[in-house]
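The values are calculated or read from the model by the stated rules, or taken from the named source; none is laboratory data. What you are looking at is a predicted structure, and each value in this text was computed from that prediction instead of being measured. A quick note on method: Cβ atoms are made from the backbone with ideal geometry, for glycine too, and the neighbour counts reach across all protein chains shown.
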Amino acid sequence: MTHVLHRQIGKDYPFAVCGEGVHIYDATGKQYIDASGGAAVSCLGHGHREVIDAMKAQLDKIEFAHTSFFTTPALEELADELAAHAPAGLDHTFFVSGGSEAIEAAIKLARQSAVESGQPQRRHLIARRQSYHGITFGALAIGGRPSAKRDFSPLLIETHHVSPVYEYRDRHAGETPEAYGERLAQELEAKINELGGDNVLAFIAETVVGATLGAAPPVPGYFKRVRQICDQYGVLLILDEVMCGMGRTGTLHACEQDGVAPDLMAIAKGLGGGFMPIGALMLSAKIFNIIAKGSGAFQHSHTYTGHPLACAAALAVQRIIRRDNLLANVRTQGARLSRRLQERFGNHPFVGDVRGRGLFQGVEIVADRGTKEPFDPARKLHARIKQEAMARGLMVYPMGGTKDGKSGDHVLMAPPFISDNDTIDQIVERLGEAIDTAIGS
Ligand code: PMP
């Protein structure tokens, strides 16, 4: 580890030497349950032979052909596959290599379509506080975690922020989930009016919030109202389904469960299941037609846009998920995971909330269940939980609380779609031990 800039310098990382199904094995032969799918990536688990064979078959044909010269069957078939199962109208796709790139493409395409439809004054972006949309400059700028931006300001684009849907902490006592959603939608509308309805380009939100809030789902009706408000003011709705999309919540796209279709949608992690780096921006026919009639080209491309090997891997992953009806398993095992977590933590003195959708579940740790006061972030409890979980052969995705006390440490789970009863039960058992040991130490 001498020549690598690892995320945490000086820390020893175990060598991952092989993977099979829901497990990863390190160099000592120790087995880990991949209960976080890495970071909600490995939806088919590890080492799936059919995906590997599809990738080999692609390599036997051609490894790379630049999209300024060629298209490829893998690229076209993947775009067809996505269009066939897309939310209404979202039937065009631009391929990239990951989530941040998909978000960058979304911001740029939104802007280009505003300019080319004669609305160049639309430049304000509205996102939500406590959000994460990626690590590149544009994506970082729209994100809503000040601590992530601190070292990099001033950022290139100024973004305005409204409240996320965070029922556990922000829904008032006596307020129905529907009334809470309405209150948040009104906050968005007020922000649009403050900026001037004609000046706002887009509103961006993660359908189910992953990393920053630990699988926090929207309340019923929230996105329908957001959609209405965006339509009323001509504001584009961009959904970030990089983490929560591609089947993770039990439907191919999380927004299906909210009854809305965005204008632009970023997808990534589960699209290629970790077999290759791939992400995509899905766009509505409306935006496609603006560009087609305007300059005739999206003014944006990466060298690896539509990489044939990445597309072949993603196509195989998506076809296997469909053929094996794995979304039904996501729903069944997601319900089991939620139930088991409730049983284990429902009365736990330091777990304030269990939440999520499908195989996308989170628990929030608090120092006091009554007041919901988080533990002091300086204690880095989330890092201790991760360490204790790894010691027990369990990978979960923990995140620290915020210094302002607006969220506590939480643990996100996103196990592979092939998980069975035993996997789910083992996850909860080991997580319980890891949390108890970390808090007790
Ligand atoms: N958006 C969301 C919601 C994410 O969770 C992530 C990654 N955690 C990203 C964007 C950025 O994706 P990537 O790390 O592939 O650039």
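Some observations on this one:
- Residue match in region 120-128 (condition: in the same structural domain as Arg225 (by TED's automatic domain parsing), closer than 19 Å to Lys406 by Cα and more than 16 Å from the ligand (Cβ to nearest atom)): no
- Among residues of region 230-239, those that are under 22 Å from Gly143 (Cβ atoms) and assigned to a helix (DSSP H, G or I), counted: 1
- Residue count, region 36-71 (criterion: within 16 Å of the ligand (Cβ to nearest atom) and either in a loop (DSSP other than H, G, I, E, B) or among the β-branched types (Val, Ile, Thr) (or both)): 4
- Considering only residues in region 295-322 that are within 20 Å of Ala83 (Cα to Cα) and of a type in the set (S, T, N, Q), the one that is surrounded by the most Cβ atoms within 10 Å (Cβ to Cβ) turns out to be Gln318.
- When restricted to residues that are outside any loop (DSSP other than H, G, I, E, B), more than 13 Å from the ligand (Cβ to nearest atom) and among the hydrophobic types (A, V, I, L, M, F, W, C), region 240-263 contains 1.
- Residue that is farthest from Pro120 (Cα to Cα) [pool: residues in region 252-294 that are surrounded by fewer than 23 Cβ atoms within 10 Å (Cβ to Cβ) and of a type in the set (Gly, Ala, Ser)]: Gly259
- Annotation note: Cβ proximity below 6 Å between a residue of region 100-129 that is farther than 20 Å from Leu195 by Cα and of a type in the set (Val, Ile, Thr) and a residue that is within 16 Å of the ligand (Cβ to nearest atom) and in a helix (DSSP H, G or I) (sequence gap 6+ or interchain) occurs for Ile103/Ala139.
- Of all the listed residues (Gly210, Gly234, Gly247, Gly214), the sole one being more than 26 Å from Glu101 (Cβ to Cβ) and either buried (at least 20 other Cβ atoms within 10 Å of the Cβ) or at pLDDT 95 or above (or both) is Gly234.
- Meets criteria (among the hydrophobic types (A, V, I, L, M, F, W, C), within 16 Å of the ligand (Cβ to nearest atom) and within 25 Å of Ser407 (Cβ to Cβ)) for Leu271: no
- Output for region 255-286, where each listed residue is small (Gly, Ala, Ser) and over 10 Å from the mean Cα position of the chain (by Cα): Gly259, Ala261, Gly272, Gly273, Gly274, Gly279, Ala280, Ser284, Ala285
- Condition check for Tyr25: more than 30 Å from Ala254 (Cα to Cα), surrounded by 13 or more Cβ atoms within 10 Å (Cβ to Cβ) and modelled with pLDDT of 95 or more: yes
- Test result for Ala314, within 15 Å of the ligand (Cβ to nearest atom), farther than 15 Å from Lys108 by Cβ and of a type in the set (Gly, Ala, Ser): yes
Here is a yes/no grid of residues against (1) touching a residue at least 12 places away in the same chain (Cβ under 8 Å); (2) among the β-branched types (Val, Ile, Thr); (3) in a loop (DSSP other than H, G, I, E, B):
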site	(1), (2), (3)
Gln299	yes, no, yes
Leu309	yes, no, no
Leu327	yes, no, no
Val330	yes, yes, no
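- Within region 56-81, tally of residues that are crowded, with 17+ Cβ neighbours inside 10 Å and aliphatic (A, V, I, L, M): 4
- Listed by first and then second residue, the pairs with beta-carbon distance under 6 Å, at least 6 apart or on different chains, first residue in region 224-252 and assigned by TED's automatic domain parsing to the domain that holds Glu178, second of a type in the set (S, T, N, Q) and within 11 Å of the ligand (Cβ to nearest atom), are Leu239/Thr207; Glu241/Thr207; Cys244/Thr207.
- Count of residues meeting criterion [within 12 Å of the ligand (Cβ to nearest atom) and either closer than 14 Å to Pro262 by Cα or more than 15 Å from the chain's Cα centre (by Cα) (or both)] in region 89-102: 1
- Criterion: touching a Phe, Trp or Tyr at 6+ places or on another chain (Cβ under 7 Å), closer than 22 Å to Gly334 by Cα and small (Gly, Ala, Ser) - qualifying residue of Gly432, Gly393: Gly393
- Residue within region 6-28 that is among the aromatic types (Phe, Trp, Tyr) and without any contact (Cβ under 8 Å) to a residue 12 or more places away in the chain present: yes
- Filter result for Val165 (among the aliphatic types (A, V, I, L, M) and within 16 Å of the ligand (Cβ to nearest atom)): yes
- Criterion: touching a strand residue (DSSP E or B) at 6+ places or on another chain (Cβ under 7 Å) and surrounded by 18 or more Cβ atoms within 10 Å (Cβ to Cβ) - qualifying residue of Gly134, Gly144, Gly181, Gly138: Gly144
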